[in-house]
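Colleague: Could you have a look at this structure, given as structure tokens, before my questions?
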Amino acid sequence: MNKIFALAGVVIKELYRRKDFYVLFVLTALLTLAAAAMNFFHDDKIVRYVKDICLLLIWVSALLVAIVTTARQIPAEREARTIFPLLAKPVSRGQVIAGKFLGCWLATGVALFVFYFFFAIITGSREQIWPLMVYLQALWMQWAMLAVVIAMVLLGSIYFAAPSSTITICFIVVAGILGLGTHLHTVALQQPEPMQTVLTLVYYLMPHLEWYDLRDFVVYDMGLVSWPAFVLATLYAAVWTGIFLLLAWFGFRRKNLTT
Amino acid sequence: MSAILQTQKLRVEYRSRELRQPVKVALQGLDLEVRAGEVFGFLGPNGAGKTTTMNVLLGFIPPTSGTASLFGIDVRQPIARQRIGYLPELTYYYKFLTAEELLRFYAKIFGLPRAEADSRIEKLLKLVELEAAAKRPIKSYSKGMQQRIGIAQSLINNPDLLILDEPTSGLDPLGRMKVREIIQRLKNEGKTVFFSSHELGEVETICDRVAIVHQGELKAVGTVAEISTGHENLEKAFLRIVGFQSATTP
Amino acid sequence: MKLSPLLALVALLALAFTLATGLASRADRWSRRDQSGNLFGMLFGDGRKLFANQFFTMADVYFHSGYYPSVFDQKSAAEKEIISASHGKKETEDDEKNEDFLGKPKDWIDAFGRHFRITQHTHLENHTEREILPWLRLAADLDPQKIETFTVGAFFLREHLNRPDQAEAFLREGLRNNPANCEILFELGRIYHESNHDRARARNVWELGVKKFLALTPEQMKDDKLIFEELVVNLAHLEEEAGNYGPAINWLHAAQTVSPNPAGLQTQIDDLQKKLTAQVPVVPAKLY
């Protein structure tokens, strides 16, 4: 495990030494503050639109950080040839995959924590209440979803040579699942065969990332998601993460890195 | 003396992704043995299979057939690399890390305790004369400095076997001298050094034994004196063994 | 002779400046966008109406605290509107049924997924209705010709948030962008009548609304029959409150010409007639 944590540490250092996160955070902060500064009918108690905008920006930024950081890991190591001095050490390829995943996930978690902290400050200053458990639940669910996304991107980065391909494809897949995941079965039932069967299969086989979007619960003050559902969703995310990481390991372990 | 590094009938084939392209055989049944405590030179013209052999030994590529082992452990096991140090020909390290951070990272990979890692890092930075630049990111280093940090990282675990891929390539005379001194020092400490090089003059000076490969086959192995028998020097012997025909000599 | 780079740069800048000053007056005629006098109009052009519609829908989503059908739930526009609430009617059981779009879960994934969705049909109340105001404000800025935005916004400001002054200001803004629109005049009259208790102003505004309606073409009148009925019925009630039963009866007669329920109005007319005959007879004035 020490090796995996050591690998993760390098990934985290890379994230906070690159400018991506700071640019996204500043952008999120500026847009949120601009939205909060707007005056609607001289009512300074209006807060939900600020929450909505801020959470949307957090979701977009966190996905950007997660996908872009992860998509670069293995290809950048191969291109920069830093993979060779690393694999010349007593570390297996599985440990490299695990270390990269853990580093990306922890780094994204730190970024999420900063974003949500900012969110809590801004909304709390208006609402004068801090439903911390709701925010923590939303943060955890988003972080769990990002674990699945990071593992998926890691898998993609093994097979697609260019990080840009991995990033584009993964963004489309994630956006598609988040937007259509809930409704895919409804859409499938309206299609003729064989499309109906294909879409139904996709619906049952894909990871349902849309479950982890608790923005509505936060924006509309709907309280907490039930704890059994929360735990099951966490387990579901862990299973899918494991599936993608295993597939990534299968692909990486026999890969010829010298070509 | 026991074999630290051993290959038996090692064969590596590269298959092209394109259809109807012939399989390229990089190594044809290589039998190699490096004993403990010796400095072993691994020679051959470009494309002979030296880098392929090293890639197999380091676990970068799997062999098509045959075996390779380090300290009696199959090279496909990560633990086989616990007691080795590796210096690649082209030194590329994480540019956003400082020299100290890089060495500390590799020390953690080897499982060195913190205190021991601190002590080794200090000594190595002094050895390679990078103490002043230790806290600067590697992206600000010159090529020579990057080569030196490469040497330092290859020694972080106090390896019993050092694998060097053309260690003096691209270095100035001072740098080459420094590398030779390090190899000699390691030999005096009883370590084993396995390195490839095109600098035959250097090989003659420091190696106990050499092996010459050509077109994936082992052509000669022995002491420098044994291989150079009947020739002016190692270079002439090398050229004859690889079948070089001079255009000027009748 | 080699041209100095600096000289070339100065020459190009001079040429660009000359072209700009010469073309400026002509360029105004090429684009309608910068004539819109509105930041959003300039930025988005005609696409702003799409955003306005989306923001109006967002107000509805916010009113229902996120419980809202998506495009895949195939709700028609008429079934998912907040106008019924905006006209002061309580939602009937049919309204409730129509708005329950989720139905039973289609499969176990849908069933489990509902733990993470809003599945309760609620409305904002107790002054939390303020949360829809930003979207109505933005919708109004993006499309000042969308009457619904002003009427709905004014309704919530007046009825739910108890801010008749802001409601009046919002409606007057709508009136500036849509001169003498009957719906806006009707809502304005409601403010004067129900909030300010100013019958005279309410009468003036509603009568203006009636006049504007009668000035419409027959095709335009067909679309606005409902609002005409609202105007004249409310005028009738206003006159009834003031004890002017004659004018009230006249207004109700006018309502009967467009109402889908003339029999119901006839009952009211008969009641008013009884009250009138009990009063000192007054010659009713012809109001239209």
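The values are calculated or read from the model by the stated rules, or taken from the named source; none is laboratory data. In this text, all values refer to a predicted model and were calculated from it rather than measured experimentally. Here Cβ is always computed from backbone atoms with ideal geometry, including for glycine, and neighbour counts include all displayed protein chains.
Colleague: Given the criteria surrounded by fewer than 21 Cβ atoms within 10 Å (Cβ to Cβ), touching a residue at least 60 places away in the same chain (Cβ under 8 Å) and under 17 Å from the mean Cα position of the chain (by Cα), does residue B:169 qualify? So that I can check it myself, show each step before the final result.
Modeller: Numbers: surrounded by fewer than 21 Cβ atoms within 10 Å (Cβ to Cβ): yes; touching a residue at least 60 places away in the same chain (Cβ under 8 Å): yes; under 17 Å from the mean Cα position of the chain (by Cα): yes.
Judged against the criteria, residue B:169 is a match.
Colleague: Across the stretch A:1-53, what is the number of residues that are within 14 Å of chain B (Cβ to nearest Cβ) and part of a loop (DSSP other than H, G, I, E, B)?
Modeller: To start, the set of residues in the stretch A:1-53 that are within 14 Å of chain B (Cβ to nearest Cβ) comprises A:1-21.
Filter once more, keeping what is part of a loop (DSSP other than H, G, I, E, B): A:1, A:18-19.
Counting residues in the stretch A:1-53 that are within 14 Å of chain B (Cβ to nearest Cβ) and part of a loop (DSSP other than H, G, I, E, B) gives 3.
Colleague: Looking at the structure I just gave you, is residue A:98 surrounded by fewer than 17 Cβ atoms within 10 Å (Cβ to Cβ), closer than 30 Å to residue B:157 by Cα and of a type outside the set (Phe, Trp, Tyr)? Spell out the reasoning first.
Modeller: Details: surrounded by fewer than 17 Cβ atoms within 10 Å (Cβ to Cβ): no; closer than 30 Å to residue B:157 by Cα: yes; of a type outside the set (Phe, Trp, Tyr): yes.
Answer is no for this residue.
Yes/no matrix, rows are residues, columns are (1) under 19 Å from residue B:161 (Cβ atoms); (2) within 11 Å of another protein chain (Cβ to nearest Cβ); (3) outside any loop (DSSP other than H, G, I, E, B):
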site: B:62; (1), (2), (3): no, yes, no
site: B:96; (1), (2), (3): no, yes, no
site: B:104; (1), (2), (3): no, yes, yes
site: B:122; (1), (2), (3): no, no, yes
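Colleague: Can I ask one more? Which members of the stretch B:22-36 meet the condition of being within 17 Å of the chain's Cα centre (by Cα) and surrounded by fewer than 17 Cβ atoms within 10 Å (Cβ to Cβ)?
Modeller: Across the stretch B:22-36, the qualifying residues are B:33, B:35, B:36.
Colleague: If you don't mind, another one. Which residue is farthest from the chain's Cα centre (by Cα), if the candidates are limited to the stretch C:67-97 and must be at pLDDT 70 or above and crowded, with 19+ Cβ neighbours inside 10 Å? Before you say what the answer is, go through the steps one by one.
Modeller: Initially, the stretch C:67-97 is screened for residues at pLDDT 70 or above, giving C:67-73.
When the remaining residues are screened for being crowded, with 19+ Cβ neighbours inside 10 Å, the result is C:67-68.
Values: C:67: 22, C:68: 20 Å.
So, considering only residues that are at pLDDT 70 or above and crowded, with 19+ Cβ neighbours inside 10 Å, the one farthest from the chain's Cα centre (by Cα) is C:67.
Colleague: Additional query: Of the residues B:59, B:85, which single one is among the small types (Gly, Ala, Ser), buried (at least 19 other Cβ atoms within 10 Å of the Cβ) and over 21 Å from residue B:202 (Cα atoms)?
Modeller: Details: B:85 fails: over 21 Å from residue B:202 (Cα atoms).
It is B:59.
Colleague: Return the residue satisfying two criteria in turn: it lies in the stretch C:225-247 and is touching a residue at least 40 places away in the same chain (Cβ under 8 Å) and out of contact with any Asp or Glu (no Cβ under 8 Å at 6 or more places or on another chain), and of such residues it is surrounded by the fewest Cβ atoms within 10 Å (Cβ to Cβ). Steps first, please.
Modeller: First, the residues of the stretch C:225-247 that are touching a residue at least 40 places away in the same chain (Cβ under 8 Å): C:227-228, C:230-231, C:234, C:238, C:241-242, C:247.
Filter once more, so that each one left must be out of contact with any Asp or Glu (no Cβ under 8 Å at 6 or more places or on another chain): C:228, C:230-231, C:234, C:238, C:241-242.
On the way: C:228: 23, C:230: 21, C:231: 27, C:234: 21, C:238: 21, C:241: 11, C:242: 13.
For the stretch C:225-247, the residue satisfying everything is C:241.
Colleague: Is it the case, given these coordinates, that residue A:151 is farther than 15 Å from residue A:244 by Cβ, under 18 Å from the mean Cα position of the chain (by Cα), in a helix (DSSP H, G or I) and modelled with pLDDT of 95 or more?
Modeller: Values: farther than 15 Å from residue A:244 by Cβ: no; under 18 Å from the mean Cα position of the chain (by Cα): yes; in a helix (DSSP H, G or I): yes; modelled with pLDDT of 95 or more: yes.
Spelling it out, it is not the case that residue A:151 is farther than 15 Å from residue A:244 by Cβ, under 18 Å from the mean Cα position of the chain (by Cα), in a helix (DSSP H, G or I) and modelled with pLDDT of 95 or more.
Colleague: Take the stretch B:119-130 and flag every residue that is closer than 18 Å to residue B:174 by Cα and charged (D, E, K, R).
Modeller: B:126, B:129 - these are the residues of the stretch B:119-130 that are closer than 18 Å to residue B:174 by Cα and charged (D, E, K, R).
Colleague: Somewhere in the stretch C:182-193, is a residue closer than 29 Å to residue C:257 by Cβ, more than 12 Å from chain A (Cβ to nearest Cβ) and surrounded by fewer than 18 Cβ atoms within 10 Å (Cβ to Cβ)? Give the derivation first.
Modeller: Our first condition is that a residue be closer than 29 Å to residue C:257 by Cβ; within the stretch C:182-193, this holds for C:182-193.
Those left that are additionally more than 12 Å from chain A (Cβ to nearest Cβ): C:182-193.
Narrowing further to those that are surrounded by fewer than 18 Cβ atoms within 10 Å (Cβ to Cβ): none.
Taking every residue of the stretch C:182-193 in turn, none turns out to be closer than 29 Å to residue C:257 by Cβ, more than 12 Å from chain A (Cβ to nearest Cβ) and surrounded by fewer than 18 Cβ atoms within 10 Å (Cβ to Cβ).
Colleague: Within the stretch A:183-237, count every residue that is at pLDDT 90 or above, in a loop (DSSP other than H, G, I, E, B) and either facing chain C (nearest Cβ under 10 Å) or surrounded by 14 or more Cβ atoms within 10 Å (Cβ to Cβ) (or both).
Modeller: 11
Colleague: Criterion first (at the interface with chain A (Cβ under 10 Å from one of its Cβ atoms), in contact with a helix residue (DSSP H, G or I) (Cβ under 9 Å, 6 or more places away or on another chain), crowded, with 19+ Cβ neighbours inside 10 Å and on the phi > 0 side of the Ramachandran plot) does residue B:150 satisfy it? If you could, list the steps in order and put the result at the bottom.
Modeller: Working: at the interface with chain A (Cβ under 10 Å from one of its Cβ atoms): yes; in contact with a helix residue (DSSP H, G or I) (Cβ under 9 Å, 6 or more places away or on another chain): yes; crowded, with 19+ Cβ neighbours inside 10 Å: yes; on the phi > 0 side of the Ramachandran plot: no.
No.
Colleague: Another question, then. Just to verify a result, which residue in the stretch B:123-147, among those that are over 11 Å from residue B:102 (Cβ atoms) and touching a Ser or Thr at 6+ places or on another chain (Cβ under 7 Å), is surrounded by the fewest Cβ atoms within 10 Å (Cβ to Cβ)?
Modeller: The residue in question is B:135.
Colleague: Of the conditions (1) at pLDDT 90 or above; (2) more than 9 Å from every other protein chain (Cβ to nearest Cβ); (3) farther than 18 Å from residue A:48 by Cα, residue C:160 fails just one. Which one is it?
Modeller: (3)
Colleague: For the stretch B:74-84, how many residues are at the interface with another protein chain (Cβ under 8 Å from one of its Cβ atoms) and either of a type in the set (Gly, Ala, Ser) or assigned to a loop (DSSP other than H, G, I, E, B) (or both)? Can you show your working first?
Modeller: Filtering the stretch B:74-84 down to residues at the interface with another protein chain (Cβ under 8 Å from one of its Cβ atoms) leaves B:78-82, B:84.
Next cut, either of a type in the set (Gly, Ala, Ser) or assigned to a loop (DSSP other than H, G, I, E, B) (or both) only: B:80, B:82.
Of the residues in the stretch B:74-84, 2 are at the interface with another protein chain (Cβ under 8 Å from one of its Cβ atoms) and either of a type in the set (Gly, Ala, Ser) or assigned to a loop (DSSP other than H, G, I, E, B) (or both).
Colleague: Within the stretch B:1-56, work out how many residues are closer than 15 Å to residue B:210 by Cβ and aromatic (Phe, Trp, Tyr).
Modeller: Result for the stretch B:1-56: 2.
Residues checked against (1) without any contact (Cβ under 8 Å) to a residue 12 or more places away in the chain; (2) closer than 29 Å to residue A:2 by Cβ; (3) part of a helix (DSSP H, G or I); (4) within 13 Å of chain A (Cβ to nearest Cβ):
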{"residue": "B:41", "(1), (2), (3), (4)": "no, no, no, no"}
{"residue": "B:55", "(1), (2), (3), (4)": "yes, yes, yes, yes"}
{"residue": "B:69", "(1), (2), (3), (4)": "no, yes, no, no"}
{"residue": "B:107", "(1), (2), (3), (4)": "no, yes, yes, yes"}
{"residue": "B:111", "(1), (2), (3), (4)": "yes, yes, no, yes"}
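Colleague: Another question about this same structure. Yes or no: the stretch A:107-125 includes at least one residue that is under 22 Å from residue A:242 (Cα atoms), within 14 Å of chain B (Cβ to nearest Cβ) and not hydrophobic (A, V, I, L, M, F, W, C).
Modeller: The answer is no, given that none of the residues of the stretch A:107-125 is under 22 Å from residue A:242 (Cα atoms), within 14 Å of chain B (Cβ to nearest Cβ) and not hydrophobic (A, V, I, L, M, F, W, C).
Colleague: List pairs: first in the stretch C:255-278 and assigned by TED's automatic domain parsing to the domain that holds residue C:210 and closer than 20 Å to residue C:227 by Cα, second among the small types (Gly, Ala, Ser) and surrounded by 13 or more Cβ atoms within 10 Å (Cβ to Cβ), Cβ under 6 Å, 6+ apart or cross-chain?
Modeller: C:265/C:255; C:265/C:259
Colleague: Turning to a different aspect of this structure: Could you grab me the full set of residues in the stretch A:54-94 that are buried (at least 19 other Cβ atoms within 10 Å of the Cβ), of a type outside the set (A, V, I, L, M, F, W, C) and part of a helix (DSSP H, G or I)?
Modeller: Listed by number, the residues that qualify are A:61, A:69, A:70, A:72, A:73, A:75, A:77, A:85, A:93.
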